[in-house]
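Colleague: One structure coming up, written as structure tokens, with questions to follow.
The values are calculated or read from the model by the stated rules, or taken from the named source; none is laboratory data. No experiment lies behind these values; they were computed from the predicted model shown. Every residue, glycine as well, gets a Cβ built from its backbone with ideal geometry; the counts of neighbours run over all protein chains shown. Heads up: the accessible areas ignore ligands, DNA and RNA and are worked out on the full protein's heavy atoms, side chains in. Shrake-Rupley method; radii C 1.70, N 1.55, O 1.52, S 1.80 Å.
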Amino acid sequence: MKKIGELLVEQGKVSERDVERTLLAQSEMGEMFGQVLVKLGLVSELDFAEVLSRQLGIPLLAAADYPEEVIRLDEVAEDFLFSNAVVPVARSEERVKFAAAVPQDPFLSKALGMALEKPVEIVLGLESDINRAFQQYLQADSGDEEDELNDQFAGQSDDEFIEHLRDLASEAPVIRLVNQIIHRAVDMSASDIHIEPFEDGLHLRYRVDGVLQEHPDAPAPSLAPAIASRIKLLSQMNIAEQRLPQDGRIMTRVKGHELDLRVSTIPTVHGESIVMRVLDRESIRLSLPDMGFSEDTLKRYQELLSRPHGVLLVTGPTGSGKTTTLYASLASLDSDSLKIITVEDPVEYQLQGVNQIQVQPQIELTFARALRSILRQDPDIIMIGEMRDTETAQIGVQSALTGHLVLSTLHTNTAAGAITRLEDMGVERYLITSAVNGVLAQRLVRRLCGSCKETVSLSDEAIAQSGIAAYLASGQREVYRAVGCSECMDTGYSGRTSIHELFPLDDEMHRVIMSGADATVLHAAARRQGMVTLYEDGLRKVAAGLTSMEEVLRVTQDQSETGATPEAGDLAPAQPVTA
């Protein structure tokens, strides 16, 4: 029998180089070859399953063939089904039919046959279809328990109610439900999980590639207290406190991924709203060339990073990848020959050879207090997670003036805006020109889905209005737009890349800053010095086919220097090109 990799290469699904990359990643991730292949985006789940079905001679069950009603098997524990990714799809007097993600496992058929005491048939099922079937199980469990829960809570005192919640949060159905919510976040590559109680019920939403998506199968409203209690127990919060906001942290391992969940709860009029920020440690890219930098921007940024002292700032809104860029910057430095200390809140990723300090306001270990202490630790490079207040900014600038390279983040919309923000925080302009080497503004834009993106032809008017002409290749008039398919959950996008705006402070910029110019004048002066704006860097990504014009406009909320942005009607589908 030919190996699955050979069959995929023969059918043109992947290249031999793709197979080699997958085998290398498999040795590190410890998962099955097909799972790794799909996670790397080299082949779709359906394409792989079709080839595997032919190789094994086992039929592939279509999504439409799964039963609408849950099939209960008293002889088989649900935990066994969940842990082995197998679900019953048909039952008769003679046999029971199952769909499994790994149907070739001989243990599976033997165990099921012994438990049921009748023949079993196992077919191949897509992991995503099996997960949807499991969700039906959980929803059915929720519905069965809804009335029971209401009866149990009736007439209880506060202490009895809290104790009951603690017991309920430790029961199997609630544990499975919370685990399923977290597992789905990994499957969707979500960055945040939102569990929100409203008047019409409990809403479950996931933030995928920066955009919130409603999940249709939200848990039953009566399970909200139990879900909140389970999450509080995992994140070591006070389960009895339901009137005040709380913060916590969950460290767990899901499907081979080391997850760090930052949990926040706030009381609302309909109950506690919970948000879990998902940090997948394995998904963090710690290589500057892989961060989406344009070649010229990366070269100038690395020059600023190589300077022995000064302040280098990364700006942008929450969730724009600022901290990841700083981590990648530190990872590119030689930690063996340099003393690197960071002060963060929170420490999101542990770097080899770097001393990292977690801010703890409850014991008065603030950014400013930690900074004053680490200056006595003889550091070469200091990273400040965020310049939040005047004292932190002033200590950071003083550290740069005394021979340290200081990396930090600021919440401003543009690179030039960081200068006026520092001034607002009490840093004098002459100190800014003496200490700050440069500012990098960053945003994340969604990548177009490789399976469904569609070519569009730009009209002359659209090219002129958008300003994209400078970034199109000679004779190029086509770019891509989002369409939507099953692989990208009908969004048209899969994954994200970054766009940048680098504002180096040279002698000319020093003169403009000392003249008292505001952010608008500083931005215009930087443009005259050749600075590429966020919008223009986004146009580069559009011309290269990485993202769409609509996505760049959504993220930058800007207009081109030459006029208004093009309307959607200016983009017409390109005519098919024949070879």
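Colleague: Taking a point 7 angstrom from the Cα of residue 211 along the C-beta vector, which residues in region 459-498 have backbone N less than 15 Å away?
Modeller: 481-497
Colleague: Can you tell me the length gained on complete extension of the stretch residue 63 to residue 16, counting 0.36 nm per residue apart and subtracting the Cα distance?
Modeller: On the way: separation 47, 0.36 × 47 = 16.92 nm, distance 3.04 nm.
Between residue 63 and residue 16, full extension yields 13.9 nm more.
Colleague: Where does the chain land at 222 nm, in deg cm²/dmol rounded to the nearest 500, when only DSSP H runs of n ≥ 4 count, each adding -39500 (n - 2.57), divided by all residues? All intermediate terms of the calculation are to be shown ahead of the outcome.
Modeller: Details: 21 runs with 224 residues, N = 579.
For the chain, the value works out to -11500 deg cm²/dmol.
Colleague: How much length is gained if the chain between residue 306 and residue 469 is pulled fully straight, taking 0.36 nm per residue apart and subtracting their Cα-Cα distance, in nm to one decimal?
Modeller: Additional length available on full extension: 55.3 nm.
Colleague: When Rg is the radius of gyration of the Cα atoms in region 4-138 and Rh is its Kirkwood radius, what does Rg/Rh come to?
Modeller: On the way: Rg = 15.9 Å, Rh = 15.9 Å.
Over the Cα atoms of region 4-138, Rg/Rh equals 1.00.
Colleague: How far is the Cα center of region 77-94 from the Cα center of region 310-380, in Å?
Modeller: Computed from Cα coordinates, the inter-centre distance equals 49 Å.
Colleague: With θ taken as phi - 60° and the coefficients 6.51, -1.76 and 1.60, list the Karplus ³J(HN,Hα) couplings across region 57-69 in order, rounded to whole Hz; mark glycine and proline as x.
Modeller: x, 10, x, 9, 7, 6, 4, 5, 8, 6, x, 6, 9
Colleague: Heavy atoms only, probe 1.4 Å: what % of the accessible area of region 166-280 goes to carbon and sulfur, would you let me know?
Modeller: The value for region 166-280 is 51 percent carbon and sulfur by accessible area.
Colleague: Quick one: putting +1 on the C-beta of Lys and Arg, -1 on the C-beta of Asp and Glu, what dipole do you get for region 31-134 around its Cα centre, in Debye to the nearest 20? List each step's numbers first, then the result.
Modeller: Numbers: 9 positive and 18 negative charges, 46 e Å.
Here the size comes out at about 220 debye.
Colleague: If you don't mind, another one. What percent antiparallel are the DSSP beta bridges of the chain, to the nearest 5?
Modeller: Details: 59 of 88 bridges.
Roughly 65 percent of the beta bridges in the chain run antiparallel, per DSSP.
Colleague: Then there's this: In degrees from 0 to 90, rounded to the nearest 10, what is the angle of the helix 45-56 Cα long axis to the longest principal axis of the chain?
Modeller: Between helix and principal axis, roughly 40 degrees.
Colleague: Please state the relative contact order of the chain as a whole percent: Cα pairs under 8 Å, 6+ residues apart?
Modeller: RCO, the chain: 9 percent.
Colleague: Relative to the longest principal axis of the chain, what angle (0 to 90°, nearest 10) does the C-alpha long axis of helix 158-169 take?
Modeller: Compared with the principal axis, the helix lies near 80 degrees.
Colleague: Turning to a different aspect of this structure: At 1.4 Å probe size, with every protein chain present, just tell me what the per residue accessible area of the chain comes to in Å². Walk me through the numbers on the way to the answer.
Modeller: On the way: 27810 Å² over 579 residues.
Heavy-atom accessible area per residue stands at 48 Å².
Colleague: According to a simple spin-label model (label point 7 Å from Cα along Cα-to-Cβ), what is the distance in nm between residue 275 and residue 510?
Modeller: 4.2
Colleague: Turning to a different aspect of this structure: Please report the antiparallel percentage of the DSSP beta bridges confined to region 4-138, to the nearest 5.
Modeller: Details: 5 of 11 bridges.
Here the share of antiparallel DSSP bridges comes out near 45 percent.
Colleague: Based on the Cβ-Cβ distance from residue 244 to residue 80, what FRET efficiency comes out when R0 is 35 Å, to the nearest 0.05?
Modeller: Values: r = 41 Å, r/R0 = 1.17.
My answer for the efficiency is 0.30.
Colleague: If the only charges are +1 at each Lys and Arg Cβ and -1 at each Asp and Glu Cβ, what is the size of the charge dipole of the chain around the Cα centre, to the nearest 20 debye?
Modeller: Details: 53 positive and 89 negative charges, 428 e Å.
With Lys and Arg at +1 and Asp and Glu at -1, about 2060 debye.
Colleague: Given Cα pairs under 8 Å that are at least 6 residues apart, what percent is the relative contact order of region 166-280? Don't skip to the answer; put the middle values down first.
Modeller: Details: 204 pairs, mean separation 29.0, N = 115.
So the answer I get is 25 percent.
Colleague: Now a separate question. Using the Karplus curve 6.51 cos²θ - 1.76 cosθ + 1.60 with θ = phi - 60°, what ³J(HN,Hα) values do you get for each residue of region 391-403, in whole Hz, with x for Gly and Pro?
Modeller: Couplings: 4, 4, 4, 5, 5, x, 5, 4, 5, 5, 6, 9, x Hz.
Colleague: Of all accessible surface on region 386-508 at a 1.4 Å probe, what whole percent is carbon and sulfur? Provide the component values of the computation, followed by the final result.
Modeller: On the way: 2000 of 4880 Å².
The value for region 386-508 is 41 percent carbon and sulfur by accessible area.
Colleague: Could you pull the accessible area for residue 286 with a 1.4 Å probe, rounded to 10 Å²?
Modeller: Surface open to solvent at residue 286 totals about 50 Å².
Colleague: OK, next. Could you sort the peptides 306-319, 506-519 by per-residue average Cβ neighbour count (10 Å cutoff), highest mean leading?
Modeller: Numbers: 306-319: 18.1, 506-519: 14.5.
By packing density, highest mean first, the sequence is 306-319, 506-519.
Colleague: Round to the nearest 10 and give me the degree value, 0 to 90, for the angle of helix 534-543's Cα axis relative to the longest principal axis of the chain.
Modeller: The helix 534-543 is inclined about 50 degrees to the chain.
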